[in-house]
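The values are calculated or read from the model by the stated rules, or taken from the named source; none is laboratory data. Remember, predicted model here, so these are calculated numbers, not experimental data. Cβ atoms come from the backbone with ideal geometry, glycine included; neighbour counts cover every protein chain shown. Accessible surface is based on the protein model in full, side chains and every heavy atom, while ligands, DNA and RNA are left aside. Shrake-Rupley method; radii C 1.70, N 1.55, O 1.52, S 1.80 Å.
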Amino acid sequence: MEDKITESVGEGGKNIKADVILVQQLLILAGFIPALNTDGKSNADGICGNGTKAAIKKFQTEKVGIAAPDGRIDPGGKTWKALIAFKKPPADTTQPARLTPAMFAKIKQAFPNGITVAIYLDYDKTGKPSKDNNNAEFPRAATAYAKFFSAVGVDSTGNIVMGVPIAVKNLDQITAVVNQIHITLNKEHLRSVNVSTPVPPVFTRIKVLSLFAHGQPYGLNLLGSGKYNLRIDSPAELKKMQTFFGGIRPALTADVHANLFACHAGRETDKTEPQGIWYIEDADKQDGSSSFAATLAAELGKDSSVYAHLSAGHTVDNYSARVFGKQAGKDATVSRGGVHIFYLLYPDSFRDAEAVRLGKTREKTRAQMLKHYKLRMDESSKDKLSIPNAEGKLVPGRLGALMFTDLPKARQFLQSDWAKWVVANPIK
């Protein structure tokens, strides 16, 4: 990618093709233009049409602070200086991502329905040991998660690999790396089949997007400092959130599900829920309709799902969580309410059948299942629990990560384990 444009681009500009392509590439990195169009072709086509001009105006408004944007970028001008800053993506993607044919084949085989990606915020050092240790939990948890689920990432040399998380400092870097992985996978697909396909295949897109960051009911801190920069508590902030996810939507599958390993992101924003919802009785009083997670599920579409915690416990083994959208049995664009994850792991039919089998009341059976659920989650947080990996082998892992990422497998594991556990721990 060049460092400069030779002539003006946009409204009334000379719009030399090479200059337009550079501007479009930078607008893609900044999240103001989708990487691919509806035909699956690159939007960096060198044609300065209405979409590119509108994106320039939007960039001028949101990133440059121009009240009356003119939709034009001049060499060395204020808009150009702000845009060229996006030439530098995350530290682990300073060069175009490389992908070997062997790794491509491995990813395609492992993720036929879409890849898993783990992203964590590399927070600035604060000088306060307690807070730095708190922040250090994100890379620790994300690294363990990426290894367990063979998440697709970019290593320090710029190679797309499996089993590594992605460290970022801000939203723009997330946009850059997400689109870069998708585009690189699709390019290798096109090279391997030696034929142009109208739509990128699903295995080049992200099906599971796991974000490790600080959270609140109104949003996430996806910035290296203390600012919550992805939020829903005002029309302007909501618009920014929609812009961000619009910028990465082409790289996601239609049935994407987002894992928010962040505090409180599934809790009501209207202050009707307590600060910490550890008991299911408290969670049952609300459904999280006003939460950031509910808003995100609606934004991602009717086939998407979002998993989020209700209390402090920002990485994985927090047993107080809600599921929104498709995997909760709902269309989030119509019904924003979430379902406590306990009810999806131990559904009504299972609880009723076990009550009959054990000759106990539904209430006592449910209470014992809650005890079993909390115990196994506590054991998992202390590395005292083994769970099934991708090959089905029991290995030390995080149950909270499994239930967010592969709910059916977590449900099967817990229900099978319950059948053995309840024998040694009978319902009284």
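For every residue, the table says whether it meets (1) among the aliphatic types (A, V, I, L, M); (2) surrounded by fewer than 18 Cβ atoms within 10 Å (Cβ to Cβ); (3) within 21 Å of Glu281 (Cα to Cα).
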{"residue": "Ala353", "(1), (2), (3)": "yes, yes, no"}
{"residue": "Leu358", "(1), (2), (3)": "yes, yes, no"}
{"residue": "Arg362", "(1), (2), (3)": "no, yes, yes"}
{"residue": "Gln368", "(1), (2), (3)": "no, no, yes"}
{"residue": "Lys374", "(1), (2), (3)": "no, yes, yes"}
{"residue": "Asp383", "(1), (2), (3)": "no, yes, no"}
{"residue": "Lys409", "(1), (2), (3)": "no, yes, no"}
{"residue": "Lys420", "(1), (2), (3)": "no, yes, no"}
{"residue": "Asn425", "(1), (2), (3)": "no, yes, no"}
Q: Please work out if Val193 is open to solvent by 20 Å² or more (accessible area, probe 1.4 Å), at pLDDT below 90 and within 16 Å of Leu252 (Cα to Cα).
A: no
Q: Name every residue in the range 11-28 that is closer than 12 Å to Gly49 by Cα and surrounded by 24 or more Cβ atoms within 10 Å (Cβ to Cβ), in order of residue number.
A: Val20, Gln24
Q) Filtering the range 386-428 down to residues that are in a helix (DSSP H, G or I) and β-branched (Val, Ile, Thr), which residue is farthest from Asn259 (Cα to Cα)? A) Val423
Q. For Tyr319, which of the numbered conditions (1) farther than 29 Å from Ala176 by Cα; (2) touching a helix residue (DSSP H, G or I) at 6+ places or on another chain (Cβ under 6 Å); (3) not in a loop (DSSP other than H, G, I, E, B) fails to hold?
A. (3)
Q: Pairs only if they're at least six apart or on different chains, beta carbon under 6 angstrom, first in the range 96-114 and free of Cβ contacts under 8 Å to residues at least 40 places away in the same chain, second open to solvent by 50 Å² or more (accessible area, probe 1.4 Å); list them, first residue then second.
A: none
Q. Among the candidates Gly329, Gly359, which residue alone is under 21 Å from the mean Cα position of the chain (by Cα), modelled with pLDDT of 90 or more and at positive phi?
A. Gly329
Q) Do the conditions hold for Phe292, that is, is it of a type in the set (Phe, Trp, Tyr), closer than 29 Å to Pro396 by Cα and either modelled with pLDDT of 95 or more or within 19 Å of the chain's Cα centre (by Cα) (or both)? A) no
Q) Scanning the range 182-212 for residues that are of a type in the set (A, V, I, L, M, F, W, C) and in contact with a helix residue (DSSP H, G or I) (Cβ under 7 Å, 6 or more places away or on another chain), which turns out farthest from Tyr145 (Cα to Cα)? A) Leu185
Q. Name the helices (runs of 4 or more DSSP H) wholly within the range 65-156 that hold at least 3 residues that are at pLDDT 90 or above and within 19 Å of the chain's Cα centre (by Cα)?
A. 129-149
Q: Name the one entry in Arg336, Arg376 that is charged (D, E, K, R), touching a residue at least 40 places away in the same chain (Cβ under 8 Å), on the phi < 0 side of the Ramachandran plot and in a helix (DSSP H, G or I).
A: Arg376
(Q) Filter the range 19-64 down to the residues that are of a type in the set (Gly, Ala, Ser) and at pLDDT 90 or above and list them by number. (A) Gly46, Gly49, Gly51, Ala54, Ala55
Q. Tell me, which strands (runs of 3 or more DSSP E) wholly within the range 198-309 include 1 or more residues that are open to solvent by 10 Å² or more (accessible area, probe 1.4 Å) and closer than 23 Å to Ala328 by Cβ?
A. 206-212, 214-216, 252-261
